[in-house]
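Quick notes on the structure that follows.
Bear in mind these aren't lab numbers, they're just calculated from the coordinates by the rules spelled out. Keep in mind that what you see is a predicted model, and the values were worked out from it rather than measured. Positions of Cβ are backbone-derived with ideal geometry, glycine not excepted, and every protein chain shown enters the neighbour counts.
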Amino acid sequence: MTFLKYIWEHQKLPLLIFLIAIGASLHFSVQFIARTAYFNDPKHKQQPIEAWMTPRYVGMSYRLPPSEMADVLQLTPAAGPRPRMGEIAAALGLSLAEVESLVKSRAAQFHGDKK
């Protein structure tokens with residue numbers, strides 16, 4: 001205990017930086033594990049597209065990288081709130097079912113090329 005007291009009294013800044021780094025590492029590790037477990041559940045693979053979903057969520061569900069999702073949905077990088085699939089479908093003049101068909105065909109093409 002005297003060692004911790006000594007460090008706190010004489011090395012506060014390095015100790016605080018170390019504790020922040022440990023906290024950030026734990027945060028990102030838990031986030032990674034939770035996301036991995038969620039998208040490895042068969043219920044969350046290739047889900048039907050709904051209006052509330054983001055392109056990132058759909059990309060993770062269909063295992064498509066962001067560049068492929070941006071290409072199929074004709075997205076450009078934009079500042080501001082993330083668009084939802086309902087908004088994207090409306091902007092493209094398509095129904096959600098048609099957007100889902102586009103995403104599924106791109107996923108089949110992308111994963112077919114990888115095998």
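For the chain, the number of Lys pairs separated by eight or more positions or lying on different chains, with C-alpha atoms closer than 19 Å, is 6. Other residues within the sphere of radius under 14 Å centred on the Cβ of residue 54, judged by their own Cβ, net out at +2 (K and R +1, D and E -1). Each of residue 17 and residue 71 was given a label point 7 Å from its Cα along the Cα-to-Cβ line. The distance between the two points is 4.2 nm.
What's the center-to-center distance, using Cα atoms, between region 12-44 and region 76-115 in Å? After rounding, the separation between the Cα centres reads 29 Å. The Kirkwood hydrodynamic radius of region 46-114, based on inverse pair distances between different Cα atoms, is 12.0 Å. A DSSP coil position with no more than 15 other Cβ atoms inside 10 Å describes the following GluC sites (Glu not before Pro) in region 1-75: 50. Among the trypsin sites (Lys or Arg not before Pro) in region 36-80, those placed in a DSSP loop whose Cβ has at most 13 other Cβ atoms within 10 Å are 45.
Any idea what log10 I(q)/I(0) is at q = 0.09, 0.11 Å⁻¹ for the chain, Debye with uniform C-alpha scatterers and no solvent? Debye curve over Cα of the chain, log10 I(q)/I(0) at q = 0.09, 0.11 Å⁻¹: -0.41, -0.52.
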